[in-house]
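Reading through the C-alpha cells given below for one structure.
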Amino acid sequence: MATASIKQRISARIRSSKSSVFLRQEFDHFGGYRQVSRVIKELAELGQIMRVGYGVYVKARPSTISGKPVPEGALLDIGLEAMRKLGVKADIGTEARELRAGTSTQMPMSAVISVGKSRVRRAIAIGNRKIMYEKD
C-alpha cells in the first residue's frame, strides 16, 4: 500500500483542523523545507489556503460572487488567532472593546489589535485590508 504524498497529508491536515490559521512551521515535520514550501504554494494556487503574512496562512473557500478564494473568517479573528499562535498576547482594539461594552456607538473603521507592550512588526493582510496594532 502506497503512503500518502506530502501534498495529500498537508491537505488532509488543513481540512481536518478546527483552526483556520496555520503557521508554516506547523508543517515542517511532513518533509524538507523546500518540499513543504512548494506544497504550500501549490495549495495556495488551488485556493485551499491563502497567504496573509510571512509564514502565516489561512483556510480559504471560493467566493460566491467571483469564485476567487476568500478567507474563512473575519480579518480581526484571523489576526487574533495568528498572534495567539505566534505567542503574542493580543486582544481587540480599544474602540471595538468600547463598542462591545456598550459605552460607545462608534464602529471601528479598520481591524485593530491591541498587543500590549509586545513589539510586533508582522504585517497581516488580506488584499488591501491590513491589521493595525495599538499599544497599551
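Every number here is computed from the coordinates shown, using simple stated rules; none is lab data. Note that this is a predicted model, so its numbers are computed, not measured. Neighbour counts run over all protein chains shown; Cβ positions are idealised from the backbone, glycine included.
Can you pull the one-decimal nm distance between simple spin-label points at residue 28 and residue 97, each 7 Å off the Cα toward Cβ?
Computed distance between label sites residue 28 and residue 97 equals 3.3 nm.
For segment 61-71, in order, what is each residue's ³J(HN,Hα) by Karplus, 6.51 cos²θ - 1.76 cosθ + 1.60 with θ = phi - 60°, in whole Hz (x at glycine and Pro)?
Values, residue by residue: 9, x, 5, 6, 8, 9, x, 6, x, 10, x Hz.
If the cut-off is a Cα-Cα distance under 30 Å, which lysines reach residue 117, setting aside same-chain residues fewer than 8 apart in sequence?
Straight-line reach from residue 117, under 30 Å: 18, 59, 85, 89, 130, 135.
Taking a ≥ b ≥ c as the square roots of the eigenvalues of the Cα gyration tensor of segment 6-62, is the shape rounded (a/c under 1.5), prolate (a/b larger than b/c) or oblate? Working shown, then result.
On the way: a/c = 1.35, a/b = 1.28, b/c = 1.06.
Judged from the Cα gyration tensor, segment 6-62 comes out rounded (a/c under 1.5).
I'd like the FRET efficiency for residue 4 and residue 107, computed as 1/(1 + (r/R0)^6) with the beta carbon distance as r and R0 of 30 Å, rounded to 0.05. Intermediate results must be reported in sequence, preceding the final value.
Values: r = 46 Å, r/R0 = 1.54.
Rounded to the nearest 0.05, the efficiency is 0.05.
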